[in-house]
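**Student:** Pasting a structure below so you can have a look.
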Amino acid sequence: MLSLTIRSKVLLLSLTLFSIPYVGYEYVREMEKYLRDNLEFSLQDSARSLASVLNERPDLFSRKLVDTVREDKDSTLVAFAFKNPVKLDGYTDDWKDYLDKMEEYAGKHILKNSGSYNPNSLSFKHLLGKYRNHLYALFIVRDEKLIYREGSTLHVDNSDHLQIVMQEPNQQFHRYMVTPSTPGWINAYKIRDLFNPPVTENRIQGWWRETSEGYIIELRIPLMMIGERLGFAIADVDSQPPREVKTLIGTSAIQNLETVGKVFIPSPEIERIISSLGDTPGRRLWVLDRQQRVLATNGNLRREFSHHPLNRLYSLLLPAVSEDFEDDQARASRLEGEEVNRALSGEADVRWHPTLDEQAIIVSAAHPVHADNQVIGVVVVEETSNNIQTVQRQAIANLFNKTLLVFSVVTVLLLVFATRLSVRLRHLRNQAETAIDINGRVTDTKIDATAKDEIGDLARSFAAILEKLKQYNAYLEGMASKLSHELRTPIAVVRSSLENLEQEPLPNESHTFIERAKQGINRLNIIITRLSEATRLEQALQTIEREPFDLTELVSSCVAGYRLAYPQQSFRAELLPSPVKLTGAPDLIAQMLDKLIANAVDFADKETPVKIYLTQEKHLARIDVMNRGVLLPVEMQERLFHSMVSLRPQTNKKEPHLGLGLYMVWLIATFHGGQVKASNNPEFPGAMFTVWLPIHTNESA
């Protein structure tokens with residue numbers, strides 16, 4: 001089963017904070033309907049406000065220029081409202097945003113042609129634009145053979161040329177020609193009649209530039225010169241004298257005033273009105289006439305959105321906001337749609353429709369403009385739904401950012417709290433573990449219990465338990481001494497009584513019983529002696545004085561004594577040839593060796609020797625006592641040095657064993673700053689006891 005620490009549990013608990021952004025995310029998704037309704041209401045309100053400014057102002061919509069437009073849309077010229085001026089240089093760089101709106105004029109627009117018509121011989125594309133007080137015209141002409149006017153001639157119609165016909169605001173009809181003698185800067189010539197030479201019109205300016213397929217003309221005409229009718233025609237002269245016009249292609253018939261087409265120029269008055277209202281980023285305004293033509297426009301659907309570094313993460317939750325969409329209506333001269341049709345019928349309406357590339361959704365709100373209870377125009381306000389997604393994304397971003405911040409702070413605080421809690425619990429555990437040694441003796445009852453919380457209560461409970469356990473251990477430790485003292489007198493009385501009884505004449509059977517009683521008294525005396533021996537050793541360790549001695553000499557003399565004490569057992573000693581200096585009590589070291597040898601002899605096979613090794617490991621002296629015999633149980637190897645633990649069988653024992661011998665070995669080794677270990681012999685079946693003792697050095701001296 002997986003075990004988790006307190007910090008892990010607290011960290012897992014803190015993960016529940018992530019439910020906050022999830023609930024917020026669901027809430028933001030549900031907010032979409034309200035955001036959509038709010039966007040529609042905002043657009044309708046803007047359209048209504050602009051329409052209220054234009055209401056009852058028929059002069060802005062009822063110009064003769066607008067109302068009398070012919071139904072023939074092909075002959076009507078439409079000028080686009082430019083945001084920037086056009087440089088007259090014969091290049092189309094300033095027109096690039098509108099080139100896709102150019103009208104092409106070819107075979108079906110022929111006004112005059114002699115012979116068969118070839119599009120490569122003459123065709124052109126045309127575009128009009130308005131910037132401030134000027135009308136700009138662009139002509140991209142395909143002409144396989146260019147004929148320029150001779151500089152010395154007074155005739156302006158015997159070379160390739162551009163004809164301009166217009167009705168000026170004073171209702172007068174005029175004809176102009178652009179017929180250069182060389183490419184470059186050009187001015188128009190005003191044609192008066194057959195009897196008067198043409199006059200240069202410096203107000204009509206432009207540039208003529210040759211191309212690989214023909215030529216390009218850029219013109220600039222003051223708006224004050226233009227009335228309600230305007231037409232252009234390109235003439236192609238391919239032959240040398242008599243230099244007659246071969247082909248003439250025009251935007252409309254230009255023979256007289258009635259045949260010239262109309263020109264539609266956006267209303268500067270309405271543009272000034274909607275510009276004065278200010279721009280809203282990402283919102284575009286249109287003003288249309290009843291023919292759905294654009295009178296004025298202002299604004300841009302694209303807007304800049306802030307880019308958050310976590311946008312990639314947020315894009316997994318909400319669709320990415322893209323401003324890279326195709327705005328197909330940006331340069332439109334007419335605006336169509338269901339909402340426009342309903343507004344022309346007198347009802348405001350809103351329509352949601354995608355762009356051509358389906359990268360964005362455009363919301364259009366249309367509102368009618370009234371004059372004398374009649375609809376004279378329409379106001380359309382547009383905006384993409386990207387703002388809704390942006391609001392959602394920003395809400396999600398703010399929610400996640402704040403949640404991450406709160407989560408980080410709370411997690412850090414919880415981890416600090418859990419770490420503090422873990423440290424206090426570990427400290428309490430360490431104090432509890434060190435308060436009792438491996439023999440179960442209480443060494444310290446002082447546990448930090450100053451805290452007033454539950455851990456403090458637990459520490460105080462541990463301290464009280466340890467105090468009681470120490471008192472109980474003291475009682476048990478003093479029991480052996482008290483028993484020894486109290487039992488010696490009755491044992492002496494029994495022993496003397498048995499000795500006196502032996503002096504009396506008794507039957508032979510009685511001597512047997514007396515002998516058994518004496519053996520029992522002797523065993524009891526041995527038990528008392530060994531109990532008091534361990535107690536005396538513990539007391540002696542507190543007052544004994546240390547002295548330097550040679551461990552090699554001590555072990556060698558002890559081994560010689562063991563050979564005499566255990567004649568039936570053989571011994572093999574391998575000692576260091578050089579002295580090993582220790583500081584301590586040599587008598588206690590000898591007593592420790594006595595206990596180890598006695599234990600080894602008791603468990604060793606009589607045919608195999610008991611081995612004693614003395615080696616050196618860095619600053620430690622190592623003593624190994626090994627015997628061949630039974631193996632030590634693995635689970636008992638650590639417990640053998642505890643008090644009152646013995647592996648000897650309880651039957652057929654000549655002497656009682658209380659399990660205090662190895663405990664005394666541990667006491668002596670610990671007193672000298674060493675360690676003792678019991679393990680199975682790696683060389684042959686049997687046991688091995690190892691003692692490490694620190695060597696006395698000059699530095700330590």
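Residue-wise test of (1) out of contact with any helix residue (DSSP H, G or I) (no Cβ under 7 Å at 6 or more places or on another chain); (2) at pLDDT below 85; (3) assigned by TED's automatic domain parsing to the domain that holds ARG290.
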position: ASN373; (1), (2), (3): yes, no, yes
position: VAL381; (1), (2), (3): no, no, yes
position: ILE388; (1), (2), (3): no, yes, yes
position: LEU404; (1), (2), (3): yes, yes, no
position: THR411; (1), (2), (3): no, yes, no
position: LEU421; (1), (2), (3): no, yes, no
position: ARG424; (1), (2), (3): no, yes, no
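Let's see how each residue does on (1) under 15 Å from TRP666 (Cα atoms); (2) in contact (Cβ under 8 Å) with a residue 12 or more places away in the chain; (3) among the small types (Gly, Ala, Ser); (4) in the same structural domain as GLY674 (by TED's automatic domain parsing):
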residue	(1), (2), (3), (4)
LYS581	no, yes, no, yes
LEU588	yes, yes, no, yes
ASP602	no, yes, no, yes
PRO609	no, yes, no, yes
LYS618	no, no, no, yes
ILE623	yes, yes, no, yes
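**Student:** Right, here's the next one. Of the conditions (1) modelled with pLDDT of 85 or more; (2) assigned to a strand (DSSP E or B), PHE80 fails just one. Which one is it?
**Tutor:** (1)
**Student:** What's the number of the condition ASP238 fails, among (1) charged (D, E, K, R); (2) farther than 30 Å from ASP45 by Cβ; (3) not in a loop (DSSP other than H, G, I, E, B)?
**Tutor:** For ASP238, the exception is condition (3).
**Student:** Also, I was wondering about something else. So which residues in region 210-228 are touching an Asp or Glu at 6+ places or on another chain (Cβ under 9 Å) and either aliphatic (A, V, I, L, M) or modelled with pLDDT under 90 (or both)?
**Tutor:** Scanning region 210-228 gives ILE216, MET224, MET225, ILE226, GLY227.
**Student:** Looking only at region 174-209, how many residues end up being among the acidic types (Asp, Glu) and either outside the structural domain of GLU228 (by TED's automatic domain parsing) or modelled with pLDDT of 90 or more (or both)?
**Tutor:** Within region 174-209, residues that are among the acidic types (Asp, Glu) and either outside the structural domain of GLU228 (by TED's automatic domain parsing) or modelled with pLDDT of 90 or more (or both) number 1.
**Student:** State all residues of region 123-173 that are out of contact with any His (no Cβ under 8 Å at 6 or more places or on another chain), charged (D, E, K, R) and modelled with pLDDT under 85; if no residue qualifies, say none.
**Tutor:** ARG132, GLU150, ASP157
**Student:** Still on this structure, I have one more. Return the residues of region 400-428 that are in contact with a Lys or Arg (Cβ under 8 Å, 6 or more places away or on another chain) and either small (Gly, Ala, Ser) or outside any helix (DSSP H, G or I) (or both); say none if nothing qualifies.
**Tutor:** Answer for region 400-428, where residues must be in contact with a Lys or Arg (Cβ under 8 Å, 6 or more places away or on another chain) and either small (Gly, Ala, Ser) or outside any helix (DSSP H, G or I) (or both): ALA418, SER422.
**Student:** Please return the ranges of strands (runs of 3 or more DSSP E) entirely within region 102-218 where 2 or more residues are within 60 Å of the chain's Cα centre (by Cα).
**Tutor:** Where strands (runs of 3 or more DSSP E) fall fully within region 102-218 and carry at least 2 residues being within 60 Å of the chain's Cα centre (by Cα), they are 103-105, 123-131, 134-142, 199-210.
**Student:** In addition: In this structure, is VAL28 β-branched (Val, Ile, Thr), outside the structural domain of SER422 (by TED's automatic domain parsing) and modelled with pLDDT of 80 or more?
**Tutor:** no
**Student:** Against the conditions (1) assigned to a strand (DSSP E or B); (2) under 30 Å from ILE447 (Cα atoms), where does VAL381 fall short? Just the number, please.
**Tutor:** It is condition (2) that VAL381 fails.
**Student:** Then there is this: Need pairs with beta-carbon distance below 9 Å; first residue of a type in the set (Ser, Thr, Tyr) and within region 501-523, second surrounded by 11 or more Cβ atoms within 10 Å (Cβ to Cβ); sequence gap 6+ or separate chains.
**Tutor:** SER510/LEU501
**Student:** Name the single residue, out of those in region 136-151 being in contact (Cβ under 8 Å) with a residue 40 or more places away in the chain and surrounded by fewer than 22 Cβ atoms within 10 Å (Cβ to Cβ), that is nearest to LEU223 (Cα to Cα).
**Tutor:** That would be ILE140.
Here's the yes/no breakdown for (1) part of a loop (DSSP other than H, G, I, E, B); (2) in contact (Cβ under 8 Å) with a residue 40 or more places away in the chain; (3) surrounded by fewer than 22 Cβ atoms within 10 Å (Cβ to Cβ):
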residue: MET224; (1), (2), (3): no, yes, yes
residue: ALA233; (1), (2), (3): no, yes, no
residue: SER252; (1), (2), (3): yes, yes, no
residue: ILE273; (1), (2), (3): no, yes, yes
residue: LEU288; (1), (2), (3): no, yes, no
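**Student:** Counting only residues that are free of Cβ contacts under 8 Å to residues at least 60 places away in the same chain, among the aliphatic types (A, V, I, L, M) and surrounded by 12 or more Cβ atoms within 10 Å (Cβ to Cβ), how many does region 417-446 have?
**Tutor:** Final tally of qualifying residues: 5.
**Student:** Okay, next question. Within region 149-167, identify whether any single residue is over 24 Å from LYS108 (Cα atoms) and in contact with a Phe, Trp or Tyr (Cβ under 6 Å, 6 or more places away or on another chain), and answer yes or no.
**Tutor:** Among the residues of region 149-167, at least one is over 24 Å from LYS108 (Cα atoms) and in contact with a Phe, Trp or Tyr (Cβ under 6 Å, 6 or more places away or on another chain), which makes the answer yes.
The values are calculated or read from the model by the stated rules, or taken from the named source; none is laboratory data. Keep in mind the model is a prediction, meaning the values are calculated, not measured. Here Cβ is always computed from backbone atoms with ideal geometry, including for glycine, and neighbour counts include all displayed protein chains.
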